[in-house]
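The values are calculated or read from the model by the stated rules, or taken from the named source; none is laboratory data. Owing to the predicted nature of the structure, the values given are computational and were not obtained by experimental measurement. Note: ideal-geometry Cβ built from the backbone for every residue, glycine included; neighbour counts use all protein chains shown.
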Amino acid sequence: MSWTSKHFLGLSPLILPYLVLFCGGVFLTFCQSFGVLTPLPYGGGALDAYVKLMGDPSFFASFFFSLGVAAVSALFSVLAGTFLAYRVWQLPRQLATAALVYKIPLILPHISVAFVILVFWSPSGILASMAHSLGFIQTLQQFPNVLYSGWGIGMILAYTLKGIPFAMLLVMALLVRFDIRQVQTAAMLGASGLRIFFTIVLPRLAPAMHTGFIILFLYSFGAFDIPYILSESRPGMLSIHVYNLYFKHDLARRPEAMAILVIMFCFALVFIIAYSKIVNHLDNGVRKL
Amino acid sequence: MTKKCIFLIALWAILVLPGPALAKDSDDLLLDTPFRQIQEQAHDTQVRWYMFGGWAHVNDWVDTYVAGEMKKQYNIDLIRVPMDAGVFINKLLNEKAAGKKIGNIDLLWINGENFKNAKEAGLLFGPFAQKLFNVKKYVDPKSMAHDFGYPVEGYEVPYGRAQFVFEYDKASVSTPPKNMDGLKEWIHSNPGLFTYPQPPDFTGSAFIRQVFYAVTGGHEQYLSGWDPDLFAQKAPLLWDWLNKIEPFLWQKGQTYPKDSAVLDTLFSRGEVAMGMSYHPSHAQNKIIEGSYPKSARTFVLADGSIYNTHFTAIPFNAPNKTGAMVLADFLISVEAQLSKYNPDKWGDFPALDLARLNSEESKKFQAVDLGPATLGSDILTPVAVPEIPSEYLEALEQGWKENVLDK
Amino acid sequence: MKHALTFLVLVLLFVLPVVVLVLVSLAPEWRFPDVWPENFSFRGLTYLARHKKQILTSLSSSLLFSLLTVLTTLVMCLFPASVFARNQFPGKALLEGLLLTPALVPPMTFAMGLHFLFIKFSLADTLVGVVLILAMFSYPYMFRSLVAGFQVMGEGYGICAKNLGASPLSVLLQVELPLLMPAVIAGGSVVFLVAFSEYFLVFLIGGGSVASFTGTLIPLLNSSNRSLAAILTLIFLFLPIVLFLIIDMALVRVYRKKGMVVS
């Protein structure tokens with residue numbers, strides 16, 4: 001079948017806003033990064049903002065830091081979420097409804113999850129108090145530096161707390177359609193629990209896991225809400241860098257903020273395409289059951 | 001037929017062509033209107049006031065006392081919108097560039113480099129300050145002539161005065177340091193218990209200016225204006241001092257509190273032993289609120305404590321300029337300044353010229369009990385030093401990032 | 001029992017934070033070294049009561065723009081989803097990929113570019129502007145849900161109705177939309193949650209004029225007024241749950257009345 005006018009008409013309520021708002025917005029970001037269409041007339045050259053960024057070591061530090069935080073939190077969320085979803089799926093009926101508590105972080109906004117991490121992990125917080133009462137530490141200065149170590153652990157924890165239920169949701173959708181008799185047969189034939197999980201269940205869940213990883217990774221890479229509460233001074237997350245350039249400095253630095261956004265956008269696209277290609281390639285090499 | 005055409009063209013010319021000029025004309029008209037008339041016009045309107053929203057007690061004072069009085073006296077609906085000064089300047093810049101003639105901000109709480117940037121970019125309405133009754137009656141023109149060394153020229157109205165103080169807990173620190181060197185020694189002998197908010201936070205930026213004055217030989221050398229050579233010569237002393245204390249700061253200086261609210265929380269929870277604030281009554285407010293321990297006190301350093309005046313201003317595209325002027329006038333009135341001075345409400349120092357008050361009004365101000373944590377003017381005034389011209393401020397903030405944070 | 005371990009993990013990860021939030025809301029000064037708060041006070045609750053007007057305003061504003069966003073995404077995606085679910089045309093996979101990208105790329109990348117345009121067209125600082133930007137990055141969830149819903153529903157009902165003489169529009173609205181309700185609810189719930197908990201985009205495009213619940217919460221999170229922050233977070237948690245329960249019950253009742261099977 002080919003394109004008909006009916007198709008165009010039917011797709012227009014979505015395509016029109018998509019072109020104007022999304023594509024238009026991205027286009028304007030690109031333009032402003034070259035100094036075109038900026039609020040104030042831009043005096044510099046078209047590539048000035050990019051040249052400045054390339055020569056700024058703190059930009060690269062922020063970029064790789066954001067990548068690291070995103071990768072670790074997304075990976076951990078997907079792995080832990082998949083395993084936890086598998087366990088929850090195996091719960092008997094009566095307990096299954098109670099297990100719905102896993103959806104709680106899904107409902108909470110990201111800033112509140114960041115707040116929860118703050119309450120738990122700050123040196124004057126609850127875990128420090130517990131460590132004290134168990135005799136591990138005497139003063140709050142002795143509590144390990146979780147939130148401010150420069151490794152972004154606070155943000156990783158927050159993204160993971162939000163990400164595990166999300167991964168669980170995606171994986172549960174597949175598990176629901178899974179035939180539990182396959183698991184039972186394998187068990188009867190003598191396969192251990194771990195073996196069953198890794199050879200029978202996991203390959204089936206792979207699509208959900210890949211989708212989850214892409215979504216969580218890209219979200220953690222570019223989001224603003226959690227870093228706004230938990231970000232450390234250095235290196236900072238890229239989104240905070242952009243925020244500061246956009247709001248806290250004079251308009252002459254607008255192209256720099258836009259240039260960072262362009263780089264983030266291109267990276268996101270490249271990542272989606274590359275990851276999908278790699279996953280497809282691996283899938284084709286695997287014998288389908 | 002031709003007569004009709006000519007008529008229509010003439011009508012179009014009259015209505016459309018003078019458009020941009022009309023806006024300016026209406027501003028000039030407003031500036032010529034007697035203030036009494038402006039007060040009448042402002043009745044039954046809505047005023048939107050954009051201001052820094054990080055201090056809950058200030059928000060409360062505005063939402064209850066100021067909003068209540070504006071409603072009672074003028075039937076004005078006051079809407080407070082929390083927004084950082086840098087952010088609303090940015091917003092106005094965007095709006096000016098987009099040609100937005102009617103915005104949604106009526107009054108701004110502003111000073112320093114934000115005022116300078118706003119005025120230079122043509123974002124402000126004015127000069128209107130001298131029209132206000134309370135300004136004419138109670139404000140010393142000299143005190144509102146300059147803001148961080150930059151001429152005000154009537155484009156903003158004084159609102160309050162602030163002076164930089166440090167905060168500590170009497171129960172854990174028995175003798176606070178007396179000068180900047182003493183502070184450095186204290187930090188070295190008490191590692192991990194001191195830090196400052198990351199510039200360009202308002203308070204953090206003020207802290208590094210304090211240190212700058214102290215380690216480069218005082219403030220007078222900078223007051224004549226921006227001198228890039230002088231800055232290039234003196235700034236390294238500051239970076240050196242800050243970098244040397246960095247390993248002894250909270251979290252070994254690997255991270256700085258995002259803003260003054262975070263520092264307040266660290267101090268109140270005992271993670272650091274000292275706080276700081278540009279408001280002398282901040283500690284007392286926090287004691288009253290219950291977040292600071294009752295033994296919290298403030299101190300100043302002998303090298304000098306920066307003071308400044310903060311102001312209110314009106315954007316070029318304010319939808320309700322008359323209402324904004326009436327609000328600005330009310331804020332500098334004796335009743336409002338007295339209410340604001342009360343540490344139960346805010347404790348911000350008055351921007352009025354106390355010499356111009358009659359004896360009854362004077363007595364009321366003197367009777368205000370600032371509370372044990374706030375230093376009196378007998379201690380604050382001798383060490384008060386003026387703010388630095390704002391070009392230095394921006395150079396210091398940028399320099400801090402390059403020489404202290406990124407090192 | 002291995003189930004016990006699973007449950008322990010679930011409780012520690014997901015229930016404990018809520019319990020702690022409840023405790024923090026009643027004990028603002030709870031800090032090291034107390035494992036259990038020493039002093040309970042109602043300071044947070046009294047602050048809430050004093051400012052209930054402001055909090056209710058921002059809460060209703062958030063509810064309003066979130067619901068409008070759900071409606072907008074529904075309108076945007078309904079027809080296109082049916083086209084996608086039932087037709088094949090060249091480049092369909094590519095188009096689908098492109099249409100899903102706004103949910104994947106950081107929203108900052110197109111929202112900041114768009115901001116200036118919005119100001120020029122007076123969409124900034126308005127509810128409409130906020131709804132548009134929120135719809136722009138949350139519609140993929142509604143879209144995917146509706147496509148799946150259409151695929152599950154199949155074309156049988158529609159063809160039947162058409163044979164009986166219904167116009168295409170009434171087929172869509174009267175026959176298919178009600179059957180699509182579960183998919184609409186599923187996609188709509190995600191869109192609602194995303195819009196309701198968003199801070200940055202509402203702050204950027206709303207410019208302070210459009211109140212939001214997240215905007216009221218943010219200054220409190222870093223402040224020492226932790227109990228109020230905890231209380232507002234708990235409201236954030238329970239409000240959508242209550243909403244979803246209401247919708248669930250309403251759906252069940254409607255379906256029962258129509259004699260339809262609840263899928």
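Mind checking which helices (runs of 4 or more DSSP H) fall wholly inside segment B:57-131 and carry at least 1 residues that are within 12 Å of chain A (Cβ to nearest Cβ)? Steps first, answer last, please.
On the way: elements: B:67-74, B:85-97, B:112-120.
Correct list: B:85-97, B:112-120.
Tell me, please, whether a residue that is under 14 Å from C:Leu232 (Cβ atoms), surrounded by 14 or more Cβ atoms within 10 Å (Cβ to Cβ) and of a type in the set (Gly, Ala, Ser) can be found in segment C:50-59.
Taking every residue of segment C:50-59 in turn, at least one turns out to be under 14 Å from C:Leu232 (Cβ atoms), surrounded by 14 or more Cβ atoms within 10 Å (Cβ to Cβ) and of a type in the set (Gly, Ala, Ser).
Could you list all residues from segment C:1-32 that are surrounded by fewer than 17 Cβ atoms within 10 Å (Cβ to Cβ) and in contact with a Ser or Thr (Cβ under 7 Å, 6 or more places away or on another chain)?
none
Can you tell me which residues in segment B:46-96 are polar (S, T, N, Q) and surrounded by 18 or more Cβ atoms within 10 Å (Cβ to Cβ)?
Of all residues in segment B:46-96, those polar (S, T, N, Q) come to B:46, B:59, B:64, B:73, B:75, B:90, B:94.
If the condition is that a residue be polar (S, T, N, Q) and surrounded by 18 or more Cβ atoms within 10 Å (Cβ to Cβ), then B:Asn59, B:Asn90, B:Asn94 are the ones that fit.
If you go through segment A:171-219 one residue at a time, how many are of a type outside the set (Phe, Trp, Tyr), touching a Pro at 6+ places or on another chain (Cβ under 9 Å) and buried (at least 21 other Cβ atoms within 10 Å of the Cβ)? Even if it seems obvious, please write down each step before you answer.
To start, the set of residues in segment A:171-219 that are of a type outside the set (Phe, Trp, Tyr) comprises A:171-177, A:179-196, A:199-212, A:214-216, A:218.
Filter once more, keeping what is touching a Pro at 6+ places or on another chain (Cβ under 9 Å): A:174, A:218.
Checking which are buried (at least 21 other Cβ atoms within 10 Å of the Cβ) leaves us with A:218.
Residues meeting the conditions: 1.
So, C:Thr109, is that one buried (at least 24 other Cβ atoms within 10 Å of the Cβ) and within 7 Å of chain A (Cβ to nearest Cβ) or not? Break it down stepwise before answering.
On the way: buried (at least 24 other Cβ atoms within 10 Å of the Cβ): yes; within 7 Å of chain A (Cβ to nearest Cβ): yes.
Yes: the conditions hold for C:Thr109.
As an exercise: evaluate B:Asp201 against (1) more than 22 Å from B:Asp353 (Cα to Cα); (2) modelled with pLDDT of 90 or more; (3) among the charged types (D, E, K, R) and give the number of the one condition it does not meet.
(2)
Within segment B:280-317, count every residue that is surrounded by fewer than 21 Cβ atoms within 10 Å (Cβ to Cβ) and within 15 Å of B:Phe349 (Cα to Cα).
Residues in segment B:280-317 being surrounded by fewer than 21 Cβ atoms within 10 Å (Cβ to Cβ) and within 15 Å of B:Phe349 (Cα to Cα): 2 in total.
Are any residues in segment A:4-26 out of contact with any Pro (no Cβ under 7 Å at 6 or more places or on another chain) and either of a type in the set (Gly, Ala, Ser) or facing another protein chain (nearest Cβ under 7 Å) (or both), and if so, which ones? Working first, answer last.
The first filter runs over segment A:4-26 and keeps only residues out of contact with any Pro (no Cβ under 7 Å at 6 or more places or on another chain), leaving A:4-9, A:12, A:15-21, A:23-26.
Across segment A:4-26, the qualifying residues are A:Ser5, A:His7, A:Ser12, A:Pro17, A:Tyr18, A:Leu21, A:Gly24, A:Gly25, A:Val26.
Among the residues of segment A:228-244, count how many are out of contact with any Ser or Thr (no Cβ under 6 Å at 6 or more places or on another chain) and buried (at least 20 other Cβ atoms within 10 Å of the Cβ).
7
Looking at this structure, is A:Ala187 more than 12 Å from chain C (Cβ to nearest Cβ) and over 14 Å from A:Ser73 (Cα atoms)? Break it down into steps so the answer makes sense when it comes.
Values: more than 12 Å from chain C (Cβ to nearest Cβ): yes; over 14 Å from A:Ser73 (Cα atoms): yes.
So A:Ala187 passes the test.
Does segment B:295-308 contain any residue that is over 18 Å from B:Val58 (Cβ atoms), of a type in the set (Val, Ile, Thr) and more than 22 Å from the chain's Cα centre (by Cα)?
Looking for residues that are over 18 Å from B:Val58 (Cβ atoms), of a type in the set (Val, Ile, Thr) and more than 22 Å from the chain's Cα centre (by Cα), one finds none in segment B:295-308, hence no.
Within segment C:183-237, which residues are within 8 Å of chain A (Cβ to nearest Cβ), closer than 24 Å to B:Ile79 by Cβ and small (Gly, Ala, Ser)?
C:Ala229
Scanning for something within 12 Å of another protein chain (Cβ to nearest Cβ) and either among the hydrophobic types (A, V, I, L, M, F, W, C) or within 30 Å of B:Pro350 (Cβ to Cβ) (or both), does segment B:222-243 turn up at least one residue?
First, the residues of segment B:222-243 that are within 12 Å of another protein chain (Cβ to nearest Cβ): none.
Looking through segment B:222-243, none of the residues is within 12 Å of another protein chain (Cβ to nearest Cβ) and either among the hydrophobic types (A, V, I, L, M, F, W, C) or within 30 Å of B:Pro350 (Cβ to Cβ) (or both).
Could you check how many residues of segment B:147-189 are under 21 Å from B:Phe115 (Cβ atoms) and touching a strand residue (DSSP E or B) at 6+ places or on another chain (Cβ under 9 Å)?
So in segment B:147-189, the residues under 21 Å from B:Phe115 (Cβ atoms) come out as B:147-164.
From what's left, touching a strand residue (DSSP E or B) at 6+ places or on another chain (Cβ under 9 Å): B:147-148, B:152, B:155-164.
Final tally of qualifying residues: 13.
Looking at segment C:1-29, I want the residues that are more than 8 Å from chain A (Cβ to nearest Cβ) and have a partner that is of a type in the set (A, V, I, L, M) and assigned to a helix (DSSP H, G or I) with Cβ atoms under 7 Å, at least 6 apart or on another chain. Which pairs are those?
C:Val22/C:Leu234; C:Ser25/C:Ala230; C:Ser25/C:Ile231; C:Ser25/C:Leu234
Select the helices (runs of 4 or more DSSP H) contained entirely in segment C:167-261, then report the ones holding at least 1 residues which are in contact with a strand residue (DSSP E or B) (Cβ under 8 Å, 6 or more places away or on another chain) and not hydroxyl-bearing (Ser, Thr, Tyr). Steps first, answer last, please.
Working: elements: C:177-196, C:200-206, C:213-221, C:226-258.
Output list reads C:213-221.
Mind checking which pairs have a first residue in segment B:208-232 that is outside any helix (DSSP H, G or I) and a second that is of a type in the set (A, V, I, L, M), Cβ under 6 Å, 6 or more apart or different chains?
Going by the 6 Å Cβ cut-off, the qualifying pairs are B:Thr216/B:Leu237; B:His219/B:Val385.
Could you figure out which of (1) under 30 Å from C:Leu201 (Cα atoms); (2) not in a loop (DSSP other than H, G, I, E, B); (3) not aliphatic (A, V, I, L, M) isn't true of C:Ser122?
(2)
Of all residues being at pLDDT below 85 and surrounded by fewer than 22 Cβ atoms within 10 Å (Cβ to Cβ) in segment B:97-113, which is nearest to C:His115 (Cα to Cα)? Just the residue, please.
Within segment B:97-113, the subset at pLDDT below 85 is B:97-98, B:113.
Subsequent filtering for residues that are surrounded by fewer than 22 Cβ atoms within 10 Å (Cβ to Cβ) retains B:97-98.
On the way: B:Ala97: 13, B:Ala98: 11 Å.
Filtering first and then ranking leaves B:Ala98.
Of these, B:Tyr159, B:Tyr138, which one is surrounded by 21 or more Cβ atoms within 10 Å (Cβ to Cβ), among the hydroxyl-bearing types (Ser, Thr, Tyr) and within 18 Å of the chain's Cα centre (by Cα)? Please lay out each step first, then the result.
Values: B:Tyr138 fails: within 18 Å of the chain's Cα centre (by Cα).
Criteria check complete, one pass: B:Tyr159.
Restricting the first residue to segment A:49-69 and requiring it to be within 11 Å of chain B (Cβ to nearest Cβ), which pairs with a second residue that is surrounded by fewer than 16 Cβ atoms within 10 Å (Cβ to Cβ) meet a Cβ separation below 7 Å and a spacing of at least six or different chains?
Matching pairs, first to second residue: A:Ser58/B:Asp406.
Among the candidates B:Met83, B:Met70, single out the residue that is assigned by TED's automatic domain parsing to the domain that holds B:Leu354, more than 26 Å from A:Lys248 (Cβ to Cβ) and not basic (Lys, Arg). Break it down stepwise before answering.
Working: B:Met83 fails: more than 26 Å from A:Lys248 (Cβ to Cβ).
B:Met70 is the lone residue from the list that is assigned by TED's automatic domain parsing to the domain that holds B:Leu354, more than 26 Å from A:Lys248 (Cβ to Cβ) and not basic (Lys, Arg).
Counting only residues that are without any contact (Cβ under 8 Å) to a residue 60 or more places away in the chain and more than 30 Å from B:His43 (Cα to Cα), give me the helices (runs of 4 or more DSSP H) lying completely in segment B:301-407 with at least 2 of them. Reasoning before the result, please.
Working: elements: B:321-331, B:334-341, B:359-367, B:377-380, B:390-400.
Of the helices (runs of 4 or more DSSP H) lying wholly inside segment B:301-407, those with at least 2 residues that are without any contact (Cβ under 8 Å) to a residue 60 or more places away in the chain and more than 30 Å from B:His43 (Cα to Cα) span B:359-367, B:377-380.
Please go through segment A:34-47 and give me each residue that is more than 9 Å from every other protein chain (Cβ to nearest Cβ) and either polar (S, T, N, Q) or over 29 Å from B:Lys100 (Cα atoms) (or both), ordered by number.
A:Leu47
Within segment C:68-84, restricting attention to residues that are touching a residue at least 24 places away in the same chain (Cβ under 8 Å) and away from chain A (no Cβ under 11 Å), which residue is nearest to C:Phe143 (Cα to Cα)? Can you show your working first?
From segment C:68-84, those touching a residue at least 24 places away in the same chain (Cβ under 8 Å) are C:68-70, C:72-74, C:76-82, C:84; that's our starting set.
Checking the rest, the ones that are also away from chain A (no Cβ under 11 Å) come to C:68-70.
Working: C:Leu68: 16, C:Thr69: 13, C:Val70: 11 Å.
Among those residues, the one meeting the criterion is C:Val70.
Output the residues belonging to segment C:117-148 that are buried (at least 21 other Cβ atoms within 10 Å of the Cβ) and without any contact (Cβ under 8 Å) to a residue 40 or more places away in the chain. Give the derivation first.
Step one: filter segment C:117-148 for residues buried (at least 21 other Cβ atoms within 10 Å of the Cβ), giving C:118-119, C:124-125, C:129-131, C:133-147.
Those that are buried (at least 21 other Cβ atoms within 10 Å of the Cβ) and without any contact (Cβ under 8 Å) to a residue 40 or more places away in the chain: C:Ile119, C:Met136.
Scan segment A:240-256 for residues that are part of a helix (DSSP H, G or I) and either facing another protein chain (nearest Cβ under 7 Å) or among the acidic types (Asp, Glu) (or both) and jot them down.
Keep residues of segment A:240-256 that are part of a helix (DSSP H, G or I), which gives A:240-247, A:251-256.
Once the filter is applied, which keeps residues that are part of a helix (DSSP H, G or I) and either facing another protein chain (nearest Cβ under 7 Å) or among the acidic types (Asp, Glu) (or both), segment A:240-256 yields A:Val242, A:Tyr246, A:Phe247, A:Leu251, A:Glu256.
So in segment B:32-56, with the set limited to residues that are in a strand (DSSP E or B) and in contact (Cβ under 8 Å) with a residue 60 or more places away in the chain, which one is nearest to the other protein chains (Cβ to nearest Cβ)? Give the derivation first.
Here is the first cut: in segment B:32-56, the ones in a strand (DSSP E or B) are B:46-51.
After this cut, where a residue has to be in contact (Cβ under 8 Å) with a residue 60 or more places away in the chain as well, the list is B:46-49.
Numbers: B:Gln46: 12, B:Val47: 14, B:Arg48: 8, B:Trp49: 11 Å.
Checking each candidate, the answer is B:Arg48.
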